[in-house]
Amino acid sequence: MDARLSLRETQLTTITIAPLQDDADAAAFRTLNEEWITTFFALEDADRAVLGDPQHAIVDQGGTVLIARDGEARVGCVALLRVGEGVAELVKMAVAPEARGAGIGRMLITAAIETAREQGLTKLMLESNQSLAPAVRLYESVGFRHVPASAHAPTPYSRADVFMDLDLV
């Protein structure tokens, strides 16, 4: 077995995923997302609204924010934003640069799908960008299918050019 694989397996055993709990989680949610967005794109008003107050913008609206931790370090996040009866949008998935490649993204998306099912949701949708090919491949690998942009409500993000759905029933 190669040493890199051993390290990844060790890292994955320390990861826990739990709902947003406090201001430190909210700050990590903002920081993790601002990092990837500003690396590849630019922050938009819709980003600022959600990242500035995830408790109000997501949780208080019936959604969920999940935080991945490696011990005390917050290393990833994802959210389910309610957009209709039985439907949520998978939004703001991010993994800290130093933790990428260890399977945390897959753990987050799996936890988000399980949470959506537990909440009785029947469909998840998401928007992404074709330049984020590893993320798009991850979404495809868990069952998301490509749909035309017209299948979703108009997007507030100029960067969105990939639209996907996952039926949960």
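Quick notes on this structure:
- Residue list for the range 9-38, restricted to those being exposed (fewer than 14 other Cβ atoms within 10 Å of the Cβ), part of a helix (DSSP H, G or I) and modelled with pLDDT under 95: GLU9, THR10, THR13
- Residue in the range 40-61 that is out of contact with any strand residue (DSSP E or B) (no Cβ under 7 Å at 6 or more places or on another chain) and among the β-branched types (Val, Ile, Thr) present: no
- Checking each residue in the range 83-95 for being open to solvent by 50 Å² or more (accessible area, probe 1.4 Å) and in contact with an Asp or Glu (Cβ under 8 Å, 6 or more places away or on another chain) picks out only VAL83.
- Residue list for the range 28-73, filter: small (Gly, Ala, Ser) and farther than 15 Å from GLU89 by Cβ: ALA28, ALA42, GLY52, ALA68, GLY71, ALA73
- Within the range 106-139, if we keep just the residues that are free of Cβ contacts under 8 Å to residues at least 40 places away in the same chain and among the β-branched types (Val, Ile, Thr), the residue that is most open to solvent (accessible area, probe 1.4 Å) turns out to be THR110.
- Given (1) without any contact (Cβ under 8 Å) to a residue 12 or more places away in the chain; (2) in contact with a Ser or Thr (Cβ under 8 Å, 6 or more places away or on another chain), number of the condition ASP167 does not satisfy: (1)
- Flag if ALA111 is touching a Cys at 6+ places or on another chain (Cβ under 8 Å), among the small types (Gly, Ala, Ser) and modelled with pLDDT of 95 or more: no
- Among the residues making up the range 39-79, a single one is of a type in the set (D, E, K, R), closer than 17 Å to ASN129 by Cβ and open to solvent by 10 Å² or more (accessible area, probe 1.4 Å): GLU44.
- One residue from VAL78, VAL142, VAL65, VAL87 being more than 19 Å from ILE15 (Cβ to Cβ) and β-branched (Val, Ile, Thr): VAL87
The values are calculated or read from the model by the stated rules, or taken from the named source; none is laboratory data. Because the structure is predicted, anything quoted here is derived from the model rather than measured. Glycine gets a Cβ as well: all are built from the backbone with ideal geometry, and neighbour counts include every protein chain shown. We work out accessible area using only protein heavy atoms, side chains counted, and drop any ligands, DNA or RNA first. Shrake-Rupley method; radii C 1.70, N 1.55, O 1.52, S 1.80 Å.
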